[in-house]
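*Asks:* Got a structure for you, written out below as structure tokens; questions coming shortly.
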Amino acid sequence: MAGFNSENTNGFHAGENGDAGDKTAGKVITCKAAVVWGPGEAFKMEEIEVEPPQRMEVRIRILFTSICHTDLSAWKGENKQQQVFPRVLGHEAAGVVESVGEAVEDLRPGDRVVPVFNGECGDCAACSSEKTNMCAVYAVDPMRSVMRADGRVRFFWVGPDKARQPVHHFLNTSTFAEYTVIDSACAVRVPADVPLSRMCLFSCGVSTGLGAAWNTANIEKGSKVAIFGLGAVGLAAAEGARLRGAARIIGVDINPNKFLKGREMGITDFINPKEYTKPSHEVIRELTDGGVDYSFECSGNLEVLREAYLSTHLGWGLTVVLSIDPCPRMLPIFSMELYERKIAAAAFGGFKPKSHLPALISNYITGETKINLDGFISHEMPFSEINQAFQLLSEGQALRCLLKL
Ligand code: APR
Ligand code: ZN
């Protein structure tokens, strides 16, 4: 769509109207945000107040945001424990730092950044270890809806009676707003000359899928792979498998419309479980002489996880869980079955955002890693059409809807 590649961020500091960060720093900013007031209620474009960043926080002007299934689940309030409203959802985005709080050393106003829901402090035992990307301080926490620094929010809605009502945060990020405040540990700087509209995808879905294939599964050339759920997360895992030279990539989805897109993105075989009387794991085992080497659960459904688990080869098969079942439940796997096949999960594809994302992005830009990023963007629309974008994802018509703020 025209206009989306002209990002107009040259010389940009804070607002697009030329109000440089040095004018707004330390002050409350009034801007637009898509606020959800109750589970499944339409987003309302509200004027909200965004407070300045506190110690180790940054305030970011969001320029692009896209919608992931996790936003959809939170919007619907599928997990009752997560029903915190009013709230600013959104966690896949790209933007520019407007101002930084005290003691922030690695970011400056004007830096282009992607917010990441799974932060990296760089100091804790987890950040010092090669074995995990789950930072002890800033790892993803779906239950958190306030800032860590002081247990307060930075967003306020001002009612007609001038009373300030707190608006809650989401997944360390809250990107459905023109300005957001996040922990500096959750902002990754990207080069100045890259299209932010594409960087947006590295903020969650694409990194999660690629990382699951490369870091968690570490797929070898010639492997057989099955992907359950062909949304952006699943197709990014497929892309990761393709780039590693997988011989066969079987896509499983109940929505037949996903198959056409999947073929473009490297899926070699399709299974629509609705077209078979036997379970998909049996179909896959028959197709692959005993099962795939790796399977990926990207549909957010525990029954599907069981199918994914049983579809791998006895002995060495590994299932990687990328999705989150919105309602907390125990795994549908018998303990004895754990002797037969392996299972692992990874948040943000196992990538440490600040340590690993810059290299991933730079390899994309130089063409060293030929990631088909454009293939993930199915729709582009203005931020004001966020309700329509949610509708498209909800109906299974969209991969990623890119919203321009
Ligand atoms: N069997 C197979 N596929 C299914 C099933 C099922 N029973 N149920 C849903 N799916 C498919 C959907 O048709 C859709 O194509 O799973 C896909 C999910 O894709 P999206 O809704 O686009 O979700 P995405 O943004 O890719 O996120 C996938 O990761 O973010 C997490 O937990 C979140 O569940 C989400 C998952
Ligand atoms: Zn840490």
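*Asks:* Taking a threshold of 29 Å on the Cα-Cα distance, which of the pairs Lys23/Lys76; Lys224/Lys354; Lys221/Lys261; Lys44/Lys354; Lys221/Lys404 fall above it?
*Replies:* The answer is Lys23/Lys76; Lys224/Lys354; Lys44/Lys354; Lys221/Lys404.
*Asks:* Ranking Lys23, Lys352, Lys274, Lys404 by Cβ neighbours within 10 Å, fewest first, what do you get?
*Replies:* With the fewest neighbours first, Lys23, Lys352, Lys274, Lys404 line up as Lys274, Lys23, Lys404, Lys352.
*Asks:* Highest mean first, how do 60-70, 386-396, 335-345 rank when packing is the count of other Cβ atoms within 10 Å averaged over residues?
*Replies:* 60-70, 386-396, 335-345
*Asks:* Rounded to the nearest angstrom and ordered from largest down, what semi-axes does the equivalent ellipsoid of region 274-393 get from its C-alpha gyration tensor (root of 5λ)?
*Replies:* 31, 21, 16
*Asks:* Provide Rg and Dmax in Å for the chain, with only Cα atoms included in the calculation.
*Replies:* 20.9, 69
*Asks:* Between Gln388 and Asn218, what is the spin-label point distance in nm, taking each point 7 Å from the Cα along the Cα→C-beta axis?
*Replies:* 4.7 nm
*Asks:* Quick one: Leu305, Leu196, fewest Cβ neighbours within 10 Å first, how do they rank?
*Replies:* Fewest to most other Cβ atoms nearby, the residues stand as Leu196, Leu305.
*Asks:* Within a Cβ distance under 13 Å of Asn372, other residues only, what is the Lys/Arg minus Asp/Glu net charge?
*Replies:* +3
*Asks:* Moving on to the next point. For the chain, calculate the relative contact order in percent as a whole number, restricting contacts to Cα pairs under 8 Å that are 6 or more residues apart.
*Replies:* Relative contact order here is 16 percent.
*Asks:* Run the quick spin-label model on Glu130 and Lys80: label points 7 Å from Cα toward the beta carbon, then report their separation in nm to one decimal.
*Replies:* Going by the 7 Å Cα→Cβ label model, 4.6 nm.
*Asks:* A further question on this structure: Most mobile of Ala246, Ala237, Ala149 per a Gaussian network model of the chain (Cα springs, under 10 Å)?
*Replies:* Top of the fluctuation ranking is Ala149.
*Asks:* Right, another one. For region 227-285, what's the radius of gyration and Dmax over Cα atoms, in angstrom?
*Replies:* In Å, with Rg to one decimal and Dmax whole: 10.9, 33.
*Asks:* Per 0.36 nm of contour for each residue apart, how much would the distance between Ile333 and Asp106 grow if the chain were fully extended, relative to their Cα-Cα spacing?
*Replies:* Result: 77.3 nm gained on full extension.
*Asks:* Under the 0.36 nm per residue contour assumption, what length would be gained going from the current alpha-carbon distance of Leu72 and Met45 to full extension?
*Replies:* 8.0 nm
*Asks:* Would you calculate a helix-derived [θ] at 222 nm for the chain, using -39,500 (n - 2.57) for each DSSP H run of n ≥ 4 and dividing by the full residue count, to the nearest 500?
*Replies:* -5500 deg cm²/dmol
*Asks:* Among Leu399, Gly375, Phe348, whose Cα lies farthest out toward the positive end of the dipole of region 327-405, if unit charges sit on the beta carbon of Lys, Arg (+1) and Asp, Glu (-1)?
*Replies:* Positive-most Cα among the choices belongs to Phe348.
No lab work stands behind these numbers, since they all come straight from the coordinates. None of the values given here were measured: they were computed from a predicted structure. Quick reminder, even Gly has a Cβ in these numbers, built from the backbone with ideal geometry, and neighbours come from all protein chains shown.
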